[in-house]
Amino acid sequence: MIDLSHHFASDEPSRHSEWLRQQKWFIKLRDDRERREKIEEKLDDTMEALVSAVVMATTEELNELQTRLDAYDEATVIALMENQEKLDRVNAHISQLLDRAYVMEDGRRGIFI
């Protein structure tokens, strides 16, 4: 005859451990879902704060900002043009110095002061 009591007796701990494993898995899923929900809530709060800050800028403030940006842009272009003029003068001065410089036998030019 088949001894089923031995079979079920040895299988009981594995069924219990399988149940514990599934229970832990469900708890982990629940914790993960709660963590995701908290992250989503925090993101929503951050987005709401950002939207309210952006919406709070009036048309007058935006026009003032645009005016300031235009002024900075103009000042940047003027500064770049002045720098280019100075650079051109320095390069021209260097060329004049090299044209008047002593030419050595190997072709190098040297300025002796």
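The values are calculated or read from the model by the stated rules, or taken from the named source; none is laboratory data. The shown structure was predicted, so the numbers you read here are calculated from the model rather than taken from an experiment. Cβ atoms come from the backbone with ideal geometry, glycine included; neighbour counts cover every protein chain shown. The protein model used for the area step is the full one, side chains on, heavy atoms only, and it has no ligands, DNA or RNA in it. Shrake-Rupley method; radii C 1.70, N 1.55, O 1.52, S 1.80 Å.
Limited to segment 1-28, what total is found for residues that are modelled with pLDDT under 65, among the aliphatic types (A, V, I, L, M) and part of a helix (DSSP H, G or I)?
2
How many residues are assigned to a helix (DSSP H, G or I) and open to solvent by 90 Å² or more (accessible area, probe 1.4 Å) when one looks only at segment 88-113?
5
In segment 29-68, which residues are surrounded by 10 or more Cβ atoms within 10 Å (Cβ to Cβ) and outside any helix (DSSP H, G or I)?
Ala57
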